[in-house]
Amino acid sequence: MQSDTESTFTTSAMNLTGADMAKRAAIEVYTKTGIKPSQIDVVELHDCFSTNELILYEQLGLCETGKGGEAVDQGIFDYGGRCVVCPSGGLLSKGHPIGASGIAQCAELCWQLRGMAEKRQVKDPNYALQHTVGLGGACVVAMYKKLKPGVGFSRPDQTSDPEKLQAFE
C-alpha cells in the first residue's frame with residue numbers, strides 16, 4: 001500500500017491520477033513476491049477513466065512507459081494476449097461503487113484463479129494482480145497466486161477428496 005506524497009501534487013499532472021502511488025506499490029509487490037509483470041495472467045485495475053487505464057498499464061509494469069496505447073492496439077491485454085485486464089468489465093460495469101469496487105476485484109481474481117469465472121474465464125491463470133485506489137490518496141497493489149496449479153475444483157467445502165483439499169494446506 002502506498003499513499004500520496006508531495007510529488008503527487010508538485011511534479012506531474014499524471015501523479016494527480018495516482019500514477020506515482022501505483023508505480024511505488026507495484027515495485028513493492030514485485031519485490032516482495034518475486035513475481036515479474038511478465039508472469040501475470042490476469043489483472044483487475046482501477047479503471048475509473050480510460051486514460052487512467054493506459055497510464056496504469058505503464059505504471060504497473062505491464063508495458064513500457066509511453067507504450068500503453070500501442071499495447072492496447074496489439075491486443076496485449078485482451079483474451080489471447082499476454083494478460084487479460086479487467087475480465088469483469090472493470091469499474092464501469094459495476095457502477096463504480098465507492099469502497100465495494102476493491103472487494104469486487106478481489107472476488108473476480110479469486111474466481112479466475114479457481115476456474116470459476118464462467119464465460120469470463122482466462123485460460124489457465126497462475127498469477128493475478130489487483131490495483132485499487134481509495135479516496136484520500138491510498139493505492140493498493142496485491143498479488144494473487146493459484147494455490148496449486150492444475151488442481152481443479154470450485155470450493156474446498158464442496159469436496160471431500162483429500163487430494164483436492166491438500167491445496168489448502
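Brief remarks follow.
- The set of residues in segment 29-48 that are touching a strand residue (DSSP E or B) at 6+ places or on another chain (Cβ under 7 Å) and either assigned to a helix (DSSP H, G or I) or surrounded by fewer than 21 Cβ atoms within 10 Å (Cβ to Cβ) (or both) comprises V29, T33, I35, Q39, D41.
- Residues (within 14 Å of D20 (Cα to Cα) and outside any helix (DSSP H, G or I)) located in segment 49-60: L60
- A count restricted to segment 1-28 and to residues that are surrounded by fewer than 19 Cβ atoms within 10 Å (Cβ to Cβ) and modelled with pLDDT of 85 or more stands at 3.
- In segment 80-111, the residues that are in contact (Cβ under 8 Å) with a residue 40 or more places away in the chain and exposed (fewer than 13 other Cβ atoms within 10 Å of the Cβ): L92
- Qualifying positions in segment 55-69 - surrounded by fewer than 17 Cβ atoms within 10 Å (Cβ to Cβ) and of a type outside the set (G, A, S): E64, T65, K67
The values are calculated or read from the model by the stated rules, or taken from the named source; none is laboratory data. The structure displayed is predicted, hence computed values, not measured ones. Note that each Cβ is placed from the backbone with ideal geometry, even for glycine, and that neighbours are counted across all protein chains shown.
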